[in-house]
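Let me begin by presenting the structure, written as structure tokens, before commenting on it.
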Amino acid sequence: MRALVLRDLRIAMRAGGGFGLGLAFFLIVVVLVPFGVGPERTVLARIAPGILWVAALLAALLSLDRIFALDHEDGSLALLATAPLPLEAAALAKALAHWITTGLPLTLAAPALGILLDLPGPAYGPLTLSLLAGTPALSLIGTFGAAVTVGNRRGGLLLSLLVLPLYVPVLIFGADGVRRAAEGLDPATPLLLVAGLSLGCLAALPFAAAAALRVNLR
Amino acid sequence: MLRAARLGIERGGVPLLQGLDLTLEAGAALILRGPNGIGKTSLLRVLAGLQPPMEGQLEAAPAAYAGHRDGVKPTLTVAENLFFWAETYGGSVPDALWEAFDLGRLRGRPGGALSAGQTRRLGLARLAVTGRRLLLLDEPTVSLDAASVARFADWLRAHLAGGGAAIVATHVALGLEAPELDLAPFRALAGARGGSDEAFL
């Protein structure tokens, strides 16, 4: 499993691997928002938690179809399926590699982008915490979606339609935690719910993804 | 090492083969023959555990499968590709392997910069690092030149002599002393039942 994570990270770092692509997309979306809604600071501060979370969600979505599609095209997926590594572990490794290349950079970059949107001071900690707790769920749900649509040409759009509704609970609680902190309320409950969602996804979705892969590999 | 009784194979809901009995002992090889579309690839995929059989019993040792595509990552070097598979299978890359598959000069070359034949050699070298005794080979000699075919046949003979076993679907003579199995008599009848729910999807 370690070998698979390291391989995926290495591929992501190489030319055309897509590392940083999600991060750049996140940056551009957040920078575009003030152009769209105007530079009024009170408006920006109010919508900042939602914008940051929606942008993070879209950035995570961007690289999902690469999770299994490339391995399926070059035949590695079938070879992985016959390897001693259980497919469940392979799915988990894929999700972990996706999180390290997408979720983690987003989490680290989000506070800097919060400044652009004039996010109130007390919300920076909860913003980082909520993304840290929520982005693993995004990667895990995305891995499941990618497993369901693997082998489907033009599966990218279908994947988005499938995965985005599943992202709704993470978005609601993640953004709500940041909003509460911005308004000076206690953000603990929504943050714990986000962490709970991630843990639930961690427990269930590698198995679901492996089952979907087995069907798609037939 | 492998035992199958009254095996039925389907592909995409269409029955291809029926009533196939196979046994393979350690040290033995079997060459699959038959026209295109008879079900050689599907049979190998079933034996590898990638798809369930339509009917019949199957007992097989864990196998190393080599299909049409080699699973070579274009941005990783030859060595990185091979070490990844070695680590996944908990094995190592023996030094003799570089010589056996003539990959020594290509170690640092990215997978995407290999010719078709070189990619195939790398795909076949992967079999050697899996440490699995049973090999399921689907057209292993495609895009190999004559010297590489001979080199691969030598390696395969050594593998069999060391207690391995192989089922090979091929149209090329590998120079193996192995029985050939023509799949044509096992072609499924037109009315045979499909084993899949894909028919009504």
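The values are calculated or read from the model by the stated rules, or taken from the named source; none is laboratory data. Just so you know, these numbers come straight off a predicted model, no measurement behind them. Cβ sites come from the backbone with ideal geometry, for glycine too, and all protein chains shown count toward neighbours.
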Taking the criterion of being away from every other protein chain (no Cβ under 14 Å), on the phi > 0 side of the Ramachandran plot and surrounded by 19 or more Cβ atoms within 10 Å (Cβ to Cβ), would at least one residue in region B:18-35 satisfy it?
yes
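In this structure, does B:D145 turn out to be without any contact (Cβ under 8 Å) to a residue 40 or more places away in the chain, acidic (D, E) and farther than 15 Å from B:G27 by Cβ? Please lay out each step first, then the result.
On the way: without any contact (Cβ under 8 Å) to a residue 40 or more places away in the chain: yes; acidic (D, E): yes; farther than 15 Å from B:G27 by Cβ: yes.
Yes.
Of the residues in region B:87-105, how many are more than 8 Å from chain A (Cβ to nearest Cβ) and either surrounded by fewer than 20 Cβ atoms within 10 Å (Cβ to Cβ) or closer than 14 Å to A:A3 by Cβ (or both)?
Of region B:87-105, the ones more than 8 Å from chain A (Cβ to nearest Cβ) are B:91-105.
After this cut, where a residue has to be either surrounded by fewer than 20 Cβ atoms within 10 Å (Cβ to Cβ) or closer than 14 Å to A:A3 by Cβ (or both) as well, the list is B:91-100, B:102, B:104-105.
Qualifying residue count for the region: 13.
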Residues of region A:110-159 satisfying the condition of being surrounded by 20 or more Cβ atoms within 10 Å (Cβ to Cβ) and outside any helix (DSSP H, G or I)
A:L117, A:L119, A:V150
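Would you call A:R46 at the interface with another protein chain (Cβ under 9 Å from one of its Cβ atoms), more than 16 Å from the chain's Cα centre (by Cα), surrounded by fewer than 19 Cβ atoms within 10 Å (Cβ to Cβ) and in a helix (DSSP H, G or I)? Break it down into steps so the answer makes sense when it comes.
Numbers: at the interface with another protein chain (Cβ under 9 Å from one of its Cβ atoms): no; more than 16 Å from the chain's Cα centre (by Cα): yes; surrounded by fewer than 19 Cβ atoms within 10 Å (Cβ to Cβ): yes; in a helix (DSSP H, G or I): yes.
Against the criterion (at the interface with another protein chain (Cβ under 9 Å from one of its Cβ atoms), more than 16 Å from the chain's Cα centre (by Cα), surrounded by fewer than 19 Cβ atoms within 10 Å (Cβ to Cβ) and in a helix (DSSP H, G or I)), A:R46 does not qualify.
Can you name the residue in region A:1-18 that is part of a helix (DSSP H, G or I), in contact with a helix residue (DSSP H, G or I) (Cβ under 6 Å, 6 or more places away or on another chain) and facing another protein chain (nearest Cβ under 9 Å) and is also farthest from B:E87 (Cα to Cα) among such residues?
Start the filter on region A:1-18 by keeping residues that are part of a helix (DSSP H, G or I), which leaves A:2-13.
Filter once more, so that each one left must be in contact with a helix residue (DSSP H, G or I) (Cβ under 6 Å, 6 or more places away or on another chain): A:3-5, A:7-9, A:12.
Applying the additional criterion that residues be facing another protein chain (nearest Cβ under 9 Å) yields A:3-4, A:7.
Numbers: A:A3: 6, A:L4: 9, A:R7: 11 Å.
Of everything passing the filter in region A:1-18, A:R7 is farthest from B:E87 (Cα to Cα).
Tell me which residues, restricted to region A:9-36, are surrounded by fewer than 13 Cβ atoms within 10 Å (Cβ to Cβ), modelled with pLDDT of 90 or more and over 20 Å from A:P111 (Cα atoms).
A:G36
Residue by residue, here is whether (1) within 12 Å of chain B (Cβ to nearest Cβ); (2) in contact (Cβ under 8 Å) with a residue 12 or more places away in the chain; (3) out of contact with any strand residue (DSSP E or B) (no Cβ under 8 Å at 6 or more places or on another chain) holds:
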{"position": "A:D71", "(1), (2), (3)": "yes, no, yes"}
{"position": "A:A78", "(1), (2), (3)": "yes, yes, no"}
{"position": "A:P84", "(1), (2), (3)": "yes, no, yes"}
{"position": "A:A90", "(1), (2), (3)": "yes, yes, yes"}
{"position": "A:P105", "(1), (2), (3)": "no, yes, yes"}
Checking B:I9 against (1) among the hydrophobic types (A, V, I, L, M, F, W, C); (2) within 13 Å of another protein chain (Cβ to nearest Cβ); (3) over 20 Å from the mean Cα position of the chain (by Cα), the condition it does not meet:
(3)
Restricting attention to region B:46-86, the residues that are more than 8 Å from every other protein chain (Cβ to nearest Cβ), surrounded by 20 or more Cβ atoms within 10 Å (Cβ to Cβ) and assigned to a loop (DSSP other than H, G, I, E, B) number exactly 2
Those residues that are surrounded by fewer than 20 Cβ atoms within 10 Å (Cβ to Cβ) and touching a Lys or Arg at 6+ places or on another chain (Cβ under 7 Å), I need them from region A:69-109; list them, please.
A:D74, A:G75
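Here's the yes/no breakdown for (1) in contact with a Leu (Cβ under 9 Å, 6 or more places away or on another chain); (2) surrounded by 14 or more Cβ atoms within 10 Å (Cβ to Cβ); (3) under 22 Å from A:L127 (Cβ atoms):
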| site | (1), (2), (3) |
| --- | --- |
| A:L161 | no, no, no |
| A:V168 | no, no, yes |
| A:A175 | yes, yes, yes |
| A:R179 | yes, yes, yes |
| A:L192 | no, no, yes |
Which listed residue is among the charged types (D, E, K, R) and under 30 Å from A:D118 (Cα atoms), from A:R214, A:R180
A:R180
Could you pull out the residue among A:F207, A:F173 that is under 24 Å from A:P105 (Cβ atoms) and among the aromatic types (F, W, Y)?
A:F173
